[in-house]
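For reference, the structure discussed in these notes is given below.
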Amino acid sequence: MQNFDYQTPTRLIFGKGVVDKLPGVMAQFGKRILLTYGGGSIKKIGLYQKVLELLKDYEIVELSGIQPNPKYDPSVLDGVRLCKEHNIDVILSVGGGSVLDCSKAIAAGACYEGDPWDLISYKVKAQAALPIVDIITLAATGSEYDCGGVISRTETNDKIGYLDRHLFPHTSLLDPEYTFTVSRKQTAAGIADAMNHTMEQYFVEDSTLLNDGFCESMLRSLMVNGRKCLENPEDYTARAEMMLACTYGCNGILALGNSPSGWPCHGIEHALSAYYDITHGEGLAIITPRWMRHILNERTLPRFVKYGINVFGIDASRPPMEIANKAIDETYRFFESIGIPMHLREVGIDDSRIGEMAHHIAVNEGLENAYAPLTEKDIAEIITASL
Ligand code: NZQ
Ligand code: ZN
């Protein structure tokens, strides 16, 4: 067991009707709110109108149109400018992980005099950030309970996971009913994203029975409930359990005391979506089984055997290599069965930029320090096998 120093300051308010608590939550900040949202789904589900009604006594400035894989230019830059111009007290993010991630970068940029990219690119450490409250409408990223935001900069093909303790949301309001309208594609991508967050923390050198059990339970819950959400999008119990599982994904609780992972599938996927703007969870689902096959060897075998027996119920009496390979096949088949396109070509990625992307990943993601170290050549092979 490794030493750790852990704190999650975010208040989670979870369940049916919790958005009604919004005025009470917002009362502790000033009167000027930056309301951030995406391309309009919150209007279709009536949440936008409800928020405005609940906050009618506040001054609200809006930043809309935040795209999936949120962009530094214009969204982060516009948000920072609005915060400074209107002397904003608090940011209210209403939408999926992209809206919240963008809001986090804005929150830090609003308290910094220089170019916000200095912060996102880790050139300068943030000294402060505006408080963030969020209503999350898509179960996937876990951004509602972590201190990270992933920001894309189109002209340099960068997609950076910006982590800073100032970026924890102050409060996250999670009502599973607002996820009923999430499309099949985004629901499946959310399942794959949260499953991969768990796998990134499960496949490590040094772990505990406690954490392994937590991760295995997360994976089983996400598969069972994720499938139910696809079969019946208005199954409250399934949406609720999926939402909570996703919330646990990225805030480190699954890996307390574990040795580091390096998050290799995320390192690779972030480049794919930076270069091709694909859906994050789909990219992960495609990469994951190929990454698994690539790193399977005598050293990593025991982890795959444990994964196969405890997550997929594979017969423990079979030879270890057979169990491991079957577990990888089952992983692939599960993603395929929930409708995820399982080849990069199906999401518009061909072999023309593999070398360039592999180089970018090798230089920027530090995957030579991952649980199973990956060189530029390994990364190119994994992407090629995913075509
Ligand atoms: O833009 P709108 O109109 O709101 O539509 C969105 C968007 O098109 C739609 N949507 C959201 N809630 C909905 C809904 N549609 C119907 N009903 C609802 N209730 O779904 C689409 C996708 O939204 P997005 O926010 O992009 O999805 P997600 O939450 O999966 O976020 C993906 C982003 O998060 C990053 C990813 O890289 C990607 O940029 N990640 C953030 C992490 C973090 N902060 O910890 C960790 C993850 O590993 C991930 O990298
Ligand atoms: Zn992810």
>> For region 118-131, give me each residue that is in a helix (DSSP H, G or I) and surrounded by fewer than 21 Cβ atoms within 10 Å (Cβ to Cβ).
In response: 118
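Residue-wise test of (1) open to solvent by 10 Å² or more (accessible area, probe 1.4 Å); (2) assigned by TED's automatic domain parsing to the domain that holds residue 30; (3) among the aliphatic types (A, V, I, L, M).
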position	(1), (2), (3)
81	yes, yes, no
92	no, yes, yes
110	yes, yes, yes
115	yes, yes, no
>> Out of 237, 247, I need the residue that is more than 16 Å from ligand 2 (Cβ to nearest atom), of a type in the set (Ser, Thr, Tyr) and closer than 29 Å to residue 210 by Cα. Which one?
In response: 237
>> Among the listed residues 151, 135, 191, 160, identify the single one that is buried (at least 24 other Cβ atoms within 10 Å of the Cβ), under 16 Å from the mean Cα position of the chain (by Cα), over 23 Å from residue 12 (Cα atoms) and within 12 Å of ligand 1 (Cβ to nearest atom).
In response: 151
> Looking only at helices (runs of 4 or more DSSP H) that fall completely inside region 295-368, which ones have 1 or more residues that are open to solvent by 70 Å² or more (accessible area, probe 1.4 Å) and at pLDDT below 95?
Replying inline: 354-364
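Quick check, is residue 295 within 16 Å of ligand 1 (Cβ to nearest atom), in contact (Cβ under 8 Å) with a residue 40 or more places away in the chain and of a type in the set (A, V, I, L, M, F, W, C)?
no
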> Within region 244-260, can you find the residues that are part of a loop (DSSP other than H, G, I, E, B) and away from ligand 1 (no atom under 13 Å from the Cβ)?
Replying inline: 256, 257, 258, 259, 260
> In this structure, does residue 50 turn out to be surrounded by fewer than 15 Cβ atoms within 10 Å (Cβ to Cβ) and either charged (D, E, K, R) or under 19 Å from residue 144 (Cα atoms) (or both)?
Replying inline: no
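Return yes when residue 71 is of a type in the set (Lys, Arg), under 29 Å from residue 158 (Cβ atoms) and surrounded by 12 or more Cβ atoms within 10 Å (Cβ to Cβ) and no when it is not.
When the stated conditions are applied, residue 71 passes them.
Quick grid of which residues meet (1) in the same structural domain as residue 161 (by TED's automatic domain parsing); (2) in contact with a Lys or Arg (Cβ under 7 Å, 6 or more places away or on another chain); (3) surrounded by fewer than 24 Cβ atoms within 10 Å (Cβ to Cβ):
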position	(1), (2), (3)
247	no, no, no
250	no, no, no
254	no, no, yes
260	no, no, yes
265	no, no, no
273	no, yes, yes
278	no, no, yes
281	no, no, no
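Just one of 216, 177, 231, 205 is free of Cβ contacts under 8 Å to residues at least 24 places away in the same chain and either open to solvent by 10 Å² or more (accessible area, probe 1.4 Å) or away from ligand 2 (no atom under 16 Å from the Cβ) (or both); which is it?
After ruling out the rest, the residue left standing is 231.
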> For region 74-87, which residues satisfy the criterion of being out of contact with any helix residue (DSSP H, G or I) (no Cβ under 7 Å at 6 or more places or on another chain), hydrophobic (A, V, I, L, M, F, W, C) and under 20 Å from residue 56 (Cα atoms)?
Replying inline: 82
> What tally of residues in region 201-210 results from selecting those that are assigned to a helix (DSSP H, G or I) and out of contact with any helix residue (DSSP H, G or I) (no Cβ under 6 Å at 6 or more places or on another chain)?
Replying inline: 2
> Here are some conditions: (1) away from ligand 1 (no atom under 16 Å from the Cβ); (2) within 18 Å of the chain's Cα centre (by Cα); (3) over 29 Å from residue 302 (Cβ atoms). Residue 231 meets all but one. Which one does it not meet?
Replying inline: (2)
> Hey, does region 156-166 have a residue that's touching a residue at least 24 places away in the same chain (Cβ under 8 Å) and farther than 29 Å from residue 248 by Cβ?
Replying inline: yes
> What is the number of the single condition among (1) modelled with pLDDT under 95; (2) out of contact with any strand residue (DSSP E or B) (no Cβ under 7 Å at 6 or more places or on another chain); (3) within 9 Å of ligand 1 (Cβ to nearest atom) that residue 182 does not meet?
Replying inline: (1)
>> Going through 77, 92 one at a time, which residue ends up being away from ligand 2 (no atom under 16 Å from the Cβ), modelled with pLDDT of 95 or more and over 24 Å from residue 186 (Cβ atoms)?
In response: 77
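The values are calculated or read from the model by the stated rules, or taken from the named source; none is laboratory data. Remember, predicted model here, so these are calculated numbers, not experimental data. Here Cβ is always computed from backbone atoms with ideal geometry, including for glycine, and neighbour counts include all displayed protein chains. Ligands, DNA and RNA are excluded from the accessible area calculation, which covers all protein heavy atoms including side chains. Shrake-Rupley method; radii C 1.70, N 1.55, O 1.52, S 1.80 Å.
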